[in-house]
Amino acid sequence: MKKQKLCILGSTGSIGESTLDVISRNPERFEVVALTANRNTGKLAEQCARFDARLAAIADPALQDQLANDLRQVGSKAEVFSGEQGLVTAATLGEIDSVMAAIVGAAGLQPTFHAARHGKKILLANKESLVIAGEIFIAEARRNNADVLPVDSEHNAIFQSLPPGFESGLDEAGVDKIILTASGGPFLDMPADELCQVTPKQACAHPNWDMGRKISVDSATLMNKGLEVIEARWLFHAHPDQIEVLVHPQSIVHSMVEYRDGSVIAQLGTPDMRTPIANVLAWPQRIEAGVKRLQLAQMNDLSFREPDLERFPCLSLAFDAMRAGDSAPAVLNAANEVAVEYFLEGRIGFDRIPGLVGTVMEQVPLVPLDGLDDVMEQDRVARTCAMEYAEKL
Ligand code: NAD
Ligand code: MG
C-alpha cells in the first residue's frame with residue numbers, strides 16, 4: 001500500500017497529538033512529512049524525531065534558531081522554516097497528500113487555504129477558518145479538487161450520516177435538517193448570576209472532552225456551538241434554517257441528520273477525538289483508533305433539551321452572524337478570540353464575553369468579502385475594536 005503523506009499544522013496541540021497517536025497505531029499507512037507549532041520548539045522537535053519528519057515550521061520567527069538547536073539535540077535532521085510563510089511551505093509541499101489543519105483560531109486560515117489551493121486533502125479541525133472565510137474557502141477547495149473532510153466531532157458525525165454525493169445539495173439528498181448536539185459545557189446548569197465568578201481553570205475543565213484552552217472556553221460559553229453552526233453551513237451546503245442545536249450533556253450522540261421521510265441518522269461513540277481523526281485519516285476505510293468501546297447497556301440516560309439562549313447568548317450571536325452573512329462571522333470570530341484571550345488572562349469576567357462580542361458586532365459595519373485579504377482586514381478591524389472595548393471593561 002502506498003503510504004499517505006501528511007503535514008500536521010498545529011501538531012503540538014490537543015488535536016495534533018491525538019492525530020500522531022492514531023498515526024502511531026497505523027504506521028504502515030501513514031508517513032509524517034511536516035509538522036508545525038506556534039512556540040513550543042521542544043515538543044515540536046521531539047515529535048519530528050519520533051516520526052522522522054523532514055520539515056519543521058515554527059510560527060514565531062524569533063524561535064527559528066531555537067528550533068534548529070532543539071532538533072539537533074534530539075537528532076532530527078528536519079529542515080527548519082518559520083513564520084506564516086513557513087507554515088504555508090509546510091502545508092503545500094509537493095509530496096504531501098493530506099493536511100491536518102489543527103491550528104487554533106484565525107491564524108490557521110492562511111496555511112489551510114493554501115493547502116486547498118494546492119489540491120491537498122484537508123482534514124479540517126480548525127473551524128475558525130470556515131467561520132471567517134467559509135464561502136471563499138469551499139470555493140477554492142472545489143476549484144482545486146481538494147477534499148475537505150471534517151474532524152470536528154459533530155461535523156464528522158454528520159459527514160458519516162449523510163449519503164455519498166450530498167455535495168450536490170441537501171434537498172436532493174432528501175435531508176430536512178442537520179441537528180448539532182452540544183454538551184452544554186461545564187456551566188450548563190449554573191445560575192446566570194454565578195457566571196461572573198467562574199475562573200479560567202473551571203472554564204477549561206470540560207466534563208466530557210479534553211481539549212485546548214480556547215475551545216474549552218468556547219464550549220463553556222456555547223460560542224463553540226455557534227461557530228460549529230456556521231461551520232456546518234459551509235461544509236454541508238446547508239440553508240441557515242436547516243441547522244438546529246440540541247443540548248445532549250452525555251456527548252455520546254455526536255450529531256444527527258433528519259431526512260424527509262422522518263428517519264434520523266446519528267453517529268455515536270465515546271467522546272474521544274481519535275475516532276473522527278481516524279475516520280478522516282483513513283476515509284473511506286476504517287482503522288484502529290485506540291478508543292474505548294461504547295457500553296450502551298451501562299448508560300441509563302441519554303437526554304436532549306433545547307439550549308438556553310438567555311444564559312448563553314453567544315449561540316444567538318452566532319446565528320445572527322450566520323444570517324447576516326458577509327463579514328459578520330469574521331467579526332464575530334475575531335471579537336470572540338480577543339474576549340477569550342482576555343478572560344484567560346484574568347482581565348475580564350466570563351460573563352463579559354458575550355457582551356463584548358455583541359458590542360463589536362454592532363460597531364463594525366457589515367461589508368462583502370471578495371477574497372482572503374478582505375477577510376484578514378475585517379479580522380484586524382474587529383480585533384482592534386474588541387481590544388478597545390475590553391480595555392474599558
Ligand atoms: P490547542 O490549543 O491544543 O493546539 C493548537 C495548536 O495550534 C498548537 O499546536 C499550537 O502550537 C498551534 N498554534 C496556536 N496558535 C498559533 C498561531 N498563531 N500560529 C500557528 N500555530 C498556532 O488547540 P486544539 O484543542 O488542538 O484545537 C485546534 C483546532 O481544532 C481548533 O480550531 C479547535 O476549535 C478545533 N477542535 C478541537 C477539538 C479538541 O478536542 N481539541 C475538537 C474539535 C475541534
Ligand atoms: Mg465540536
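In the stretch 24-50, the residues that are over 16 Å from Ile103 (Cα atoms) form Cβ pairs under 7 Å with partners that are modelled with pLDDT under 95, at six or more places apart or across chains, as follows: Glu28/Met1; Arg29/Met1. Checking the stretch 129-138 against the condition returns no match, with no residue being in contact (Cβ under 8 Å) with a residue 40 or more places away in the chain, within 15 Å of ligand 2 (Cβ to nearest atom), in a helix (DSSP H, G or I) and out of contact with any Asp or Glu (no Cβ under 7 Å at 6 or more places or on another chain). Taken over the stretch 269-300, the criterion of being of a type in the set (A, V, I, L, M, F, W, C), exposed (fewer than 15 other Cβ atoms within 10 Å of the Cβ) and at pLDDT 95 or above is satisfied by Leu294 alone.
Taken as a whole, the structure places Ala56 among residues that are within 13 Å of ligand 1 (Cβ to nearest atom), crowded, with 23+ Cβ neighbours inside 10 Å and over 21 Å from the mean Cα position of the chain (by Cα).
For the stretch 7-46, a residue qualifies if it is closer than 19 Å to Ala115 by Cβ and more than 18 Å from the chain's Cα centre (by Cα), and the qualifying residues are Ile23, Phe30, Glu31, Val32, Val33, Ala34, Leu44. Taking the conditions (1) at pLDDT 95 or above; (2) within 14 Å of ligand 2 (Cβ to nearest atom); (3) not aliphatic (A, V, I, L, M) in turn, Cys204 satisfies each one other than (2).
In the stretch 88-104, the count of residues that are in a helix (DSSP H, G or I), of a type in the set (Asp, Glu), more than 26 Å from Val338 (Cβ to Cβ) and away from ligand 2 (no atom under 16 Å from the Cβ) is zero. Screening the candidates Gly290, Gly262 for the property of being more than 20 Å from Phe166 (Cα to Cα) and among the small types (Gly, Ala, Ser) yields one hit, Gly290. No other residue among Ser18, Ser24, Ser76, Ser14 is buried (at least 17 other Cβ atoms within 10 Å of the Cβ), of a type in the set (S, T, N, Q) and away from ligand 1 (no atom under 13 Å from the Cβ) apart from Ser76. Tell me, yes or no, whether the stretch 344-360 has at least one residue that is buried (at least 22 other Cβ atoms within 10 Å of the Cβ), more than 26 Å from Ser183 (Cβ to Cβ) and over 22 Å from the mean Cα position of the chain (by Cα). Yes, the stretch 344-360 contains at least one residue that is buried (at least 22 other Cβ atoms within 10 Å of the Cβ), more than 26 Å from Ser183 (Cβ to Cβ) and over 22 Å from the mean Cα position of the chain (by Cα). So, in the stretch 152-166, of the ones that are away from ligand 2 (no atom under 16 Å from the Cβ) and either more than 29 Å from Ser14 (Cβ to Cβ) or among the aliphatic types (A, V, I, L, M) (or both), which residue ends up surrounded by the fewest Cβ atoms within 10 Å (Cβ to Cβ)? The residue in question is Pro164. Apart from one condition, Pro329 fits all of (1) farther than 21 Å from Ala139 by Cα; (2) surrounded by 19 or more Cβ atoms within 10 Å (Cβ to Cβ); the exception is (1).
So in the stretch 205-258, with the set limited to residues that are assigned to a helix (DSSP H, G or I) and among the acidic types (Asp, Glu), which one is farthest from Glu135 (Cα to Cα)? The extreme case among them is Asp218.
Only residues that are in contact with a helix residue (DSSP H, G or I) (Cβ under 8 Å, 6 or more places away or on another chain), of a type in the set (Gly, Ala, Ser) and farther than 25 Å from Leu188 by Cα were counted across the stretch 227-264, and they come to 1.
Being within 11 Å of ligand 1 (Cβ to nearest atom) and of a type in the set (A, V, I, L, M) is the filter here, so list the residues in the stretch 114-163 that pass it. If the condition is that a residue be within 11 Å of ligand 1 (Cβ to nearest atom) and of a type in the set (A, V, I, L, M), then Leu123, Leu124, Ala125, Leu130, Val131, Val151 are the ones that fit.
Could you list, in sequence order, the residues of the stretch 210-228 that are more than 14 Å from Glu341 (Cα to Cα) and either near ligand 2 (Cβ under 10 Å from one of its atoms) or surrounded by fewer than 23 Cβ atoms within 10 Å (Cβ to Cβ) (or both)? Selection gives Asp210, Met211, Ser219, Asn224, Lys225, Leu227, Glu228.
The values are calculated or read from the model by the stated rules, or taken from the named source; none is laboratory data. Given the structure is predicted, the values throughout are model-derived calculations rather than measurements. When we count neighbours, we look across all protein chains shown, and the Cβ atoms used for this are built from the backbone with ideal geometry, even at glycine.
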